[in-house]
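One structure is given below, encoded as structure tokens.
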Ligand SMILES: [Zn+2]
């Protein structure tokens, strides 16, 4: 249930996706969804925003990878664009005598 709730609140942020399609995608029944709306203030608020047409499209925020200097779309607050760049960064920090975090 918890996972479905966070998944549906993500999907509901997309103005291009209808509520019924989002429910279909996640295989959530109308009954379950009504329950979620009652219990989850975030979902209730998203629905309210959709109704009022106030939904803001999610803007992707790009970051510069400290290793390769490429711009990338960070997933879950990642600092580097790839595992390889994490390794490179650790190696370089070690070389420079600083502690890699
Ligand atoms: Zn990189």
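The values are calculated or read from the model by the stated rules, or taken from the named source; none is laboratory data. Here the structure is a predicted model, which is why all the values come from computation and not from measurement. No Cβ is skipped: glycine too gets one built from the backbone with ideal geometry, and neighbour counts run over all protein chains shown.
Within segment 48-76, how many residues turn out to be under 30 Å from residue 20 (Cα atoms) and assigned to a loop (DSSP other than H, G, I, E, B)?
Here is the first cut: in segment 48-76, the residues under 30 Å from residue 20 (Cα atoms) are 48-61, 73-76.
Checking which are assigned to a loop (DSSP other than H, G, I, E, B) leaves us with 52-61, 73-76.
Final tally of qualifying residues: 14.
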From the set of residues in segment 65-81 that are farther than 15 Å from residue 92 by Cβ and loosely packed, with under 13 Cβ neighbours inside 10 Å, which is nearest to the ligand (Cβ to nearest atom)? 71
As an exercise: evaluate residue 95 against (1) away from the ligand (no atom under 15 Å from the Cβ); (2) closer than 27 Å to residue 6 by Cβ and give the number of the one condition it does not meet. (2)
Evaluate the following for residue 54: is it at pLDDT below 95 and within 16 Å of the ligand (Cβ to nearest atom)? no
Residue 88 fails exactly one of (1) assigned to a loop (DSSP other than H, G, I, E, B); (2) within 16 Å of the ligand (Cβ to nearest atom); (3) surrounded by 16 or more Cβ atoms within 10 Å (Cβ to Cβ), namely (1)
Condition broken by residue 32, with the remaining ones in (1) under 20 Å from the mean Cα position of the chain (by Cα); (2) part of a helix (DSSP H, G or I) satisfied: (1)
